[in-house]
Amino acid sequence: MTISVCIGSSCHVRGSYKIVEKINKAIKDNSLEDKVKVNAAFCLGKCSEGVTEGVSVKFDDEIVTGITESNFDDIFNKYILQKV
Ligand code: FES
């Protein structure tokens, strides 16, 4: 799986860097280094769709918006652990 974390300016101010850190840590904790690749992406085009909170992340072809430190664990379970 390839994960692209948006580091466009809107997502950046809403915590892209923290989310990248959390993703990398969660991948390590679950020993998924061989299965999941993490990239940074420029604006995924979601910040103009009325999303006001959290970061946009693309999991393979699926874009999920509104990812924050508090909902991160649920998102990680749903979009990564259950799919790899
Ligand atoms: S800056 Fe992240 S979707 Fe636009």
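Assorted remarks:
- Taking only the alpha carbons of segment 35-84, we obtain Rg and Dmax values of 11.1, 32 Å in that order.
- The magnitude of the dipole of segment 2-81, with charges of +1 and -1 set on the Cβ of Lys/Arg and Asp/Glu and taken from the Cα centre, is near 180 debye.
- Residue-wise HN-Hα couplings along segment 38-44, as the Karplus relation 6.51 cos²θ - 1.76 cosθ + 1.60 with θ = phi - 60° gives them from phi, are 10, 10, 9, 10, 7, 2, 7 Hz; Gly and Pro carry x.
- For Val55, the residues whose modelled amide H falls within less than 5 Å of its own, excluding neighbours fewer than 5 places apart on the same chain, are Gly66, Ile67, Thr68.
- Just checking the listed ones, Glu21, Glu49, Glu62: in the Gaussian network model of the chain with Cα springs under 10 Å, the one fluctuating most is Glu49.
- When only Cα pairs below 8 angstrom with a gap of at least 6 residues are kept, the chain shows a relative contact order of 39 percent.
- Rounded percent of accessible protein surface that carbon and sulfur make up, the chain, 1.4 Å probe: 46
- Across all directions, the average flat footprint of the convex hull enclosing the Cα atoms of the chain is 4.7 nm².
- Selected from Phe59, Phe42, Phe72 as most flexible by GNM, with the chain as the system and alpha-carbon contacts under 10 Å: Phe42
- Average accessible area per residue (Å²) across the chain - probe 1.4 Å, nucleic acids and ligands excluded: 60
- Environment charge of Lys22, counting only residues whose C-beta is closer than 9 Å and scoring Lys/Arg +1, Asp/Glu -1: -1
- Helix 16-29 and the long axis of the chain differ in direction by around 10°, with both axes built from C-alpha atoms.
- Phi angles of segment 72-78 translate, via the Karplus equation with coefficients 6.51, -1.76, 1.60 and θ = phi - 60°, into HN-Hα couplings of 4, 4, 4, 5, 4, 4, 5 Hz per residue; Gly and Pro are given as x.
- Scanning residues 5 or more positions from Ala41 or on other chains, those with amide H under 5 Å from its amide H are Val5, Cys6, Ile7, with H placed 1.01 Å from N in the peptide plane.
The values are calculated or read from the model by the stated rules, or taken from the named source; none is laboratory data. Predicted model only: the values in this text are computed from it and were never measured. Positions of Cβ are generated from backbone atoms using ideal geometry, with glycine treated the same way; all protein chains shown enter the neighbour counts. When the accessible area is computed, the model is the full protein with side chains, heavy atoms only, and any ligands, DNA or RNA have been set aside. Shrake-Rupley method; radii C 1.70, N 1.55, O 1.52, S 1.80 Å.
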